[in-house]
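Everything below concerns the one structure shown next.
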Amino acid sequence: MAAPNIDTIVSLAKRRGFVFPSSEVYGGLGSAWDYGPLGVELCNNVKQSWWRWLVYDRDDIEGIDSSIILNRLVWKYSGHEATFNDWLVDCRKCKGRFRVDKIVDNKCPSCGSSDWTEARPFNTMLQTKLGAVADDDPTALAYLRPETAQGIFINFLNVQTTMRRKLPFGIAQVGKSFRNEVTPGNFILRTREFEQMEMEYFVSPTAEHSNLVDYWVEKYLEWFGSLGLDRENLYLYEVPEDERAHYSKRTVDIMYRYFPEREKPWEELMGIAWRTDFDLSAHSKNKLDAEGKRINPDSTEDLSYFDEPTKQRFYPHVIEPAAGVNRTVLAVLMDAYSEKTNDKGETRVILKLSPQLAPIKAAILPLAKNKPEIVGMAKAIKRSLQPVLRAVYDDTGGIGKLYARQDEIGTPFCITVDHQSLEDEAVTVRDRDTWEQDRIKVSDLAEHLQKRLKPFPVTAPESI
Ligand code: GAP
């Protein structure tokens, strides 16, 4: 079972401390969200899983962390200043403003009219100004990056030479990106500030690029599987030419069933694009156009690569898997959502998160909070587990309530310390999904939990 709709997750996320509407004390800020104590853990666990899977488990990928604000020329030559546009129209009747590609049957979503203004481009890069400058000083203009990818391209040579890399190899980066979205919405699905996990995989111009796109699609399907996403809720969309970014020769989107209640349930979770050699060429000082003129008179570097075996110099092509942290978190929450009825006929929410993603791995609960020996033992167990896994101590309710709260936030194990524990040095370990209970010696507890906290299986990644 998965969540029946996004609203179910919005309410759970707020109730249990995953995600709060941002700036709430001032009436909120449209489509901005703050991640609470459990949300930040979940996001970190997603990012760590991704980083471990690509940068540590493989041998062909390096990581970087570039600036969010880059030289404005990066965005000129990447094409973003000229083309990173949404096309907008205004409804003449209700004055609403909409993205052309989101209008269905030529009808205004607000009032139903079909009386539109001419479509015009709106650049969605968020602007800022650097330094103590006059408001109208054009040289101070800078952008908050709309993708993490460009920080990778402009560091291609730095990484390749310092890490002595030969093709094929990749560079991964995770971090915030910003877009002045015209129609943000659907909770954390589309926001103006979001986080991306992008990887640029550099290959020879003669590589089998389309096969490499398929390869990375398969790899990401496996990774999403390891995060607990049901394959049934994922769908591959071969993006047609007229919908692709200008730099892409092929893009496959992995879509997730974010709207199970709708006739069209799918929305993009991530994209895998063959970006050709567009970006490395565009940022290079030596690249010439058809008339023999430098395409980039501002660049001081040539981002080409010398291939020793063939003694050829060329601009590598790029396969780019680009995923969103927030969309992954939303998909994970939706897929993990389930309900179960207890003996009393009450419905309980259980968040069946993959153990590697669960914000808290074990909750230590004293059965009697007015008994100092039991409380002392429970707190000591919490402290002893903390170095190996994220554990919390909780005595803020009766045991039934405490179990229900941990089930709802996806904690795989509840450990109960009772009167008997003081005698036999053992505790009860309760499984989130089955509600079954085992009696385990305190001395064996850490090992017992660690064995059962393995991520869902993922096929071992191999290098190409
Ligand atoms: N470098 C290529 C690139 O940025 P994209 O398809 O525009 O491609 C990649 O973005 C991913 O970033 C998306 O699949 C989505 O997961 C995430 N993303 C993009 N815009 C977003 C937004 N406004 N809010 C939340 N996530 C977004």
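Please enumerate the residues belonging to the range 306-346 that are away from the ligand (no atom under 16 Å from the Cβ), open to solvent by 10 Å² or more (accessible area, probe 1.4 Å), of a type outside the set (V, I, T) and touching a strand residue (DSSP E or B) at 6+ places or on another chain (Cβ under 8 Å). Of everything in the range 306-346, those that are away from the ligand (no atom under 16 Å from the Cβ), open to solvent by 10 Å² or more (accessible area, probe 1.4 Å), of a type outside the set (V, I, T) and touching a strand residue (DSSP E or B) at 6+ places or on another chain (Cβ under 8 Å) turn out to be F306, D307, Q312, R313, F314, Y315, Y337, S338, E339, K340, N342.
For a quick check of your reading: which strands (runs of 3 or more DSSP E) sit entirely within the range 226-292 and have at least 2 residues that are in contact with a helix residue (DSSP H, G or I) (Cβ under 9 Å, 6 or more places away or on another chain) and in contact (Cβ under 8 Å) with a residue 60 or more places away in the chain?
Values: elements: 234-238, 250-257, 266-276.
Those strands (runs of 3 or more DSSP E) span 250-257, 266-276.
The set of residues in the range 222-232 being on the phi < 0 side of the Ramachandran plot and open to solvent by 20 Å² or more (accessible area, probe 1.4 Å) consists of E222, G225, D230, R231, E232.
Please verify whether D242 is of a type in the set (D, E, K, R) and either within 28 Å of E62 (Cβ to Cβ) or open to solvent by less than 40 Å² (accessible area, probe 1.4 Å) (or both), treating the condition exactly as stated. No, not satisfied. Annotation: of all residues in the range 116-128 being assigned to a loop (DSSP other than H, G, I, E, B) and touching an Asp or Glu at 6+ places or on another chain (Cβ under 8 Å), the one that is nearest to R294 (Cα to Cα) is M125.
Residues that are open to solvent by 40 Å² or more (accessible area, probe 1.4 Å), modelled with pLDDT under 95 and either within 16 Å of the ligand (Cβ to nearest atom) or at negative phi (or both) within the range 129-161 comprise K129, L130, A132, V133, A134, D135, D136, D137, P138, T139, listed in sequence order.
Could you please find all residues in the range 255-289 being among the aliphatic types (A, V, I, L, M) and under 29 Å from L70 (Cα atoms)? So that I can check it myself, show each step before the final result.
Pass one, the range 255-289, residues among the aliphatic types (A, V, I, L, M): 255, 269-270, 272-273, 280, 282, 288.
L269, M270, I272, A273, L280, A282, L288 - these are the residues of the range 255-289 that are among the aliphatic types (A, V, I, L, M) and under 29 Å from L70 (Cα atoms).
If you scan the range 409-436, which residues turn out to be open to solvent by 30 Å² or more (accessible area, probe 1.4 Å), more than 17 Å from K361 (Cβ to Cβ) and either of a type outside the set (D, E, K, R) or in a strand (DSSP E or B) (or both)? If the condition is that a residue be open to solvent by 30 Å² or more (accessible area, probe 1.4 Å), more than 17 Å from K361 (Cβ to Cβ) and either of a type outside the set (D, E, K, R) or in a strand (DSSP E or B) (or both), then H419, Q420, L422, W435 are the ones that fit.
Given the options A368, A460, A363, name the one that is over 30 Å from R58 (Cα atoms) and at pLDDT below 95. Even if it seems obvious, please write down each step before you answer.
Working: A460 fails: over 30 Å from R58 (Cα atoms); A363 fails: at pLDDT below 95.
Exactly one of A368, A460, A363 is over 30 Å from R58 (Cα atoms) and at pLDDT below 95, namely A368.
Scan the range 362-376 for residues that are open to solvent by 30 Å² or more (accessible area, probe 1.4 Å) and touching a residue at least 24 places away in the same chain (Cβ under 8 Å) and the total you get is 4.
Of the residues making up the range 181-200, just one is open to solvent by less than 30 Å² (accessible area, probe 1.4 Å), over 16 Å from V325 (Cα atoms) and outside any strand (DSSP E or B), namely E181.
Suppose the filter is touching a strand residue (DSSP E or B) at 6+ places or on another chain (Cβ under 9 Å), more than 16 Å from the ligand (Cβ to nearest atom) and open to solvent by less than 20 Å² (accessible area, probe 1.4 Å); does V203 pass it? For V203, the condition - touching a strand residue (DSSP E or B) at 6+ places or on another chain (Cβ under 9 Å), more than 16 Å from the ligand (Cβ to nearest atom) and open to solvent by less than 20 Å² (accessible area, probe 1.4 Å) - is met. Within the range 162-180, being open to solvent by less than 20 Å² (accessible area, probe 1.4 Å) and within 14 Å of the ligand (Cβ to nearest atom) holds for G170, I171, A172, Q173, G175, S177.
Quick one: is H246 touching an Asp or Glu at 6+ places or on another chain (Cβ under 9 Å) and within 15 Å of the ligand (Cβ to nearest atom)? It is false that H246 is touching an Asp or Glu at 6+ places or on another chain (Cβ under 9 Å) and within 15 Å of the ligand (Cβ to nearest atom). Of everything listed in (1) surrounded by 19 or more Cβ atoms within 10 Å (Cβ to Cβ); (2) under 13 Å from L365 (Cβ atoms), the single unmet condition for K401 is (1). Between A363, A380, A368, the distinction of being in a loop (DSSP other than H, G, I, E, B), within 15 Å of V427 (Cβ to Cβ) and of a type outside the set (F, W, Y) belongs to A368 only.
The values are calculated or read from the model by the stated rules, or taken from the named source; none is laboratory data. Bear in mind the structure is a predicted one, so any value in this text is a computation, not a measurement. Ideal geometry is used to build each Cβ from the backbone, glycine not excepted, and the neighbour counts take in all protein chains shown. What goes into the accessible areas is simple: the full protein's heavy atoms, side chains included, and nothing from ligands, DNA or RNA. Shrake-Rupley method; radii C 1.70, N 1.55, O 1.52, S 1.80 Å.
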